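Quick notes on the structure that follows.
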């Protein structure tokens with residue numbers, strides 16, 4: 001039996017054009033939109049379930065293309081890589097996936113997680129076993145000695161439970177890509193740089209241009225989405241020249257890299273929420289506080305904003321991503337902050353930011369998901385808001401304004417429950433956050449008391 005719903009919308013943003021429809025109704029059958037029409041032309045139906053959002057603003061389910069379901073809101077890299085089993089990470093990830101869904105983000109890309117975690121979560125949600133967002137899943141990052149995720153001393157190596165896979169040559173990289181595709185990934189992520197810099201301060205690309213091209217070509221040949229982490233000029237350039245589908249960060253992109261990104265139709269996801277939250281929220285006891293005090297984060301943020309404004313003006317597609325999964329970007333909390341940053345720092349209008357979080361972001365998710373727009377043939381994933389995000393996207397961060405979230409034409413359950421982080425992700429055995437020399441104790445103003 002066909003299940004039909006009618007959704008009466010006061011204001012409707014469809015996701016693909018920068019305009020708002022007033023007093024329109026969404027007609028959906030079996031979870032797919034079949035028609036959008038003026039409400040006056042859609043009579044009541046005895047066979048359809050009606051939802052009245054005639055006093056609300058309705059928009060497509062939002063998309064975050066940078067959410068790491070296996071991270072568990074971690075405070076340390078060791079917590080991400082070492083201290084919980086892959087099985088526990090998968091179960092924990094299902095819980096956090098629902099937090100993301102409840103915040104209005106009905107689709108995510110999980111771009112690089114340990115083991116089969118994101119793929120297991122994706123499959124459990126797709127099978128209807130658990131409620132959660134649609135997941136485009138990648139496996140562990142492919143990295144080199146100079147790439148992100150090879151944090152540990154060479155005598156330890158990259159643990160098997162790490163979010164990274166260390167490859168020592170081109171053949172190993174190609175074999176890892178083929179292995180991940182066999183295991184069912186939707187996307188493959190390459191760590192194109194890490195923290196290694198030349199004496200002049202420039203970040204070093206983790207792979208040569210030829211190596212990068214070989215990997216991206218193989219990902220493309222196998223029909224998967226290619227994603228890279230690239231902050232530095234060199235890594236971004238190599239990624240853009242190979243026509244990678246999605247570049248994260250691109251903080252130090254130059255004119256040559258920008259020209260290549262335009263020519264090869266790459267998308268660039270700034271992912272500035274992690275950096276901005278770190279700048280705004282860290283406390284004196286946090287190791288990151290020292291970097292903030294020394295203006296390291298401010299310098300990177302300012303440079304990224306300047307460069308990414310050029311990216312926007314050049315017309316490069318810019319999806320929304322937050323790097324959610326760290327303690328400073330907890331699941332379900334800050335996904336919409338990236339829209340704020342797009343408006344406040346990158347020159348987007350609110351409706352352009354909404355488009356970035358819907359149809360633009362949809363270009364780097366599973367093609368068969370048909371999300372990011374409310375139009376015939378697309379999923380009936382939508383959010384009803386008590387307020388107008390085209391006046392201020394900040395209302396998306398106000399839970400009281402998110403009236404309802406629907407996925408495939410059905411309302412989702414409430415998703416914000418408290419938990420004890422000491423039993424979920426705080427497993428690293430850190431004893432002190434400082435070195436208490438006599439000089440340091442004096443700086444802290446310690447006075448012995450009797």
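What number of residues within the range 369-388 are in a loop (DSSP other than H, G, I, E, B), within 18 Å of residue 23 (Cβ to Cβ) and either touching a helix residue (DSSP H, G or I) at 6+ places or on another chain (Cβ under 8 Å) or free of Cβ contacts under 8 Å to residues at least 24 places away in the same chain (or both)?
Taking the range 369-388 as the starting set, the residues that turn out to be in a loop (DSSP other than H, G, I, E, B) are 370-378, 380-381, 386-388.
When the remaining residues are screened for being within 18 Å of residue 23 (Cβ to Cβ), the result is 374-375, 386-388.
Filter again for either touching a helix residue (DSSP H, G or I) at 6+ places or on another chain (Cβ under 8 Å) or free of Cβ contacts under 8 Å to residues at least 24 places away in the same chain (or both), leaving 386-388.
The total comes to 3.
Conditions: (1) closer than 20 Å to residue 119 by Cβ; (2) touching a helix residue (DSSP H, G or I) at 6+ places or on another chain (Cβ under 8 Å). Residue 189 meets all but one. Number of the miss?
(2)
Any residue in the range 253-281 that's over 18 Å from residue 346 (Cβ atoms): show its pairings with residues that are modelled with pLDDT of 95 or more and assigned to a loop (DSSP other than H, G, I, E, B) at Cβ separation under 6 Å, as long as the two are six or more apart or on different chains.
So the pair list comes out as 264/243.
Yes/no matrix, rows are residues, columns are (1) surrounded by fewer than 15 Cβ atoms within 10 Å (Cβ to Cβ); (2) closer than 22 Å to residue 403 by Cα:
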position	(1), (2)
45	yes, no
55	yes, yes
58	no, yes
63	no, yes
66	no, no
69	no, no
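Which one of these is at pLDDT below 90, in contact with a helix residue (DSSP H, G or I) (Cβ under 6 Å, 6 or more places away or on another chain) and farther than 20 Å from residue 365 by Cα: 305, 282?
So the residue among 305, 282 that is at pLDDT below 90, in contact with a helix residue (DSSP H, G or I) (Cβ under 6 Å, 6 or more places away or on another chain) and farther than 20 Å from residue 365 by Cα is 282.
Of the conditions (1) within 28 Å of residue 340 (Cβ to Cβ); (2) at pLDDT below 90, residue 405 satisfies every one except a single condition; which number is it?
Residue 405 satisfies every listed condition except (2).
The values are calculated or read from the model by the stated rules, or taken from the named source; none is laboratory data. The shown structure was predicted, so the numbers you read here are calculated from the model rather than taken from an experiment. Every residue, glycine among them, receives a Cβ derived from its backbone with ideal geometry; neighbour counts consider all protein chains shown.
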